[in-house]
């Protein structure tokens, strides 16, 4: 009886630990965000285990059933499409319920996109705040207003089709000269980290539409 949280590669399939592969092979059931995406990883490492969808649209519905199976003695491993479960991905609700029911939970160390982005950005990494995705509508203005005075380095996730809008908004709230880095397609063939002021970055990506998953690292207010 145990729940394992297993980080999956954020791009390069080689970025998974030996232990993570062993845990996945030993689990009774693997919970995954998208069976199609996870099947690629599992086939690569010749892992043949039952896959059960577990994502933001069904996590409340399947929660009690998973807890019941864990209490019966089964071992579950939770993976997401990329990175560490619970970091801007499903995982928290299940972990909280396991803790409430005294079911052992173990999180393996591994990939998460914001760490390499932060370290290679050249922006101070000793103190930072991770906010994941900004609210799309309600609460967005409040969040940006609060972050504008944040003195620690700020880390955000963003999608490619919203990047330019977000950069322009950040430039409005933080000032166009605030230094930042846009880290894109980390660990993949076309990985890119572009650095400059928010104004410069907004202009660049308005002229060159970005692709892939994006991490924004923004210098704190001086």
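The values are calculated or read from the model by the stated rules, or taken from the named source; none is laboratory data. Predicted model only: the values in this text are computed from it and were never measured. Virtual Cβ from ideal backbone geometry, glycine too; neighbours counted across all protein chains shown.
Looking at residue 46 and the list (1) more than 16 Å from residue 95 (Cβ to Cβ); (2) touching a residue at least 40 places away in the same chain (Cβ under 8 Å), which single condition is not satisfied?
(2)
Against the conditions (1) crowded, with 18+ Cβ neighbours inside 10 Å; (2) within 17 Å of the chain's Cα centre (by Cα), where does residue 132 fall short? Just the number, please.
(1)
How do the pairs read when you match residues in region 88-104 that are on the phi > 0 side of the Ramachandran plot with residues anywhere that are surrounded by 17 or more Cβ atoms within 10 Å (Cβ to Cβ) and outside any helix (DSSP H, G or I), using Cβ under 7 Å and keeping only pairs 6 or more apart or on different chains?
Every condition considered, the pairs that remain are 88/157; 91/5; 91/78; 91/85.
Residues in region 105-115 that are under 22 Å from residue 216 (Cβ atoms) and either free of Cβ contacts under 8 Å to residues at least 40 places away in the same chain or loosely packed, with under 12 Cβ neighbours inside 10 Å (or both): how many?
The number of residues fulfilling the criteria is 1.
Go through region 180-201 and count every residue that is in contact (Cβ under 8 Å) with a residue 24 or more places away in the chain and under 23 Å from the mean Cα position of the chain (by Cα).
Matching residues across region 180-201 total 14.
Can you tell me which of (1) touching a helix residue (DSSP H, G or I) at 6+ places or on another chain (Cβ under 7 Å); (2) touching a residue at least 40 places away in the same chain (Cβ under 8 Å) is the one residue 74 doesn't meet?
All conditions are met except number (1).
For the condition within 17 Å of residue 135 (Cβ to Cβ), surrounded by fewer than 18 Cβ atoms within 10 Å (Cβ to Cβ) and at pLDDT 95 or above, what is the one hit in 204, 208, 161?
161
If I ask for residues that are loosely packed, with under 12 Cβ neighbours inside 10 Å and more than 20 Å from the chain's Cα centre (by Cα), which ones from region 31-59 would you list?
43, 46, 48, 50 - these are the residues of region 31-59 that are loosely packed, with under 12 Cβ neighbours inside 10 Å and more than 20 Å from the chain's Cα centre (by Cα).
Condition first: surrounded by 15 or more Cβ atoms within 10 Å (Cβ to Cβ) and in contact (Cβ under 8 Å) with a residue 60 or more places away in the chain. Now tell me which residues in region 5-30 satisfy that.
Passing the criteria: 5, 6, 7, 8, 9, 10, 11, 15, 16, 20, 23.
Among the residues of region 87-95, is any outside the structural domain of residue 179 (by TED's automatic domain parsing), out of contact with any helix residue (DSSP H, G or I) (no Cβ under 8 Å at 6 or more places or on another chain), farther than 18 Å from residue 21 by Cβ and surrounded by fewer than 16 Cβ atoms within 10 Å (Cβ to Cβ)? Full working, then the answer.
In the first step, residues of region 87-95 are kept if they are outside the structural domain of residue 179 (by TED's automatic domain parsing); the result is 87-95.
Next, only the ones that are out of contact with any helix residue (DSSP H, G or I) (no Cβ under 8 Å at 6 or more places or on another chain) stay: 88-89, 91-92, 95.
Narrowing further to those that are farther than 18 Å from residue 21 by Cβ: 88-89, 91-92, 95.
Keeping just the survivors that are surrounded by fewer than 16 Cβ atoms within 10 Å (Cβ to Cβ) gives 92.
Checked region 87-95: at least one residue is outside the structural domain of residue 179 (by TED's automatic domain parsing), out of contact with any helix residue (DSSP H, G or I) (no Cβ under 8 Å at 6 or more places or on another chain), farther than 18 Å from residue 21 by Cβ and surrounded by fewer than 16 Cβ atoms within 10 Å (Cβ to Cβ).
Quick check, is residue 152 surrounded by fewer than 19 Cβ atoms within 10 Å (Cβ to Cβ) and not assigned by TED's automatic domain parsing to the domain that holds residue 82?
yes
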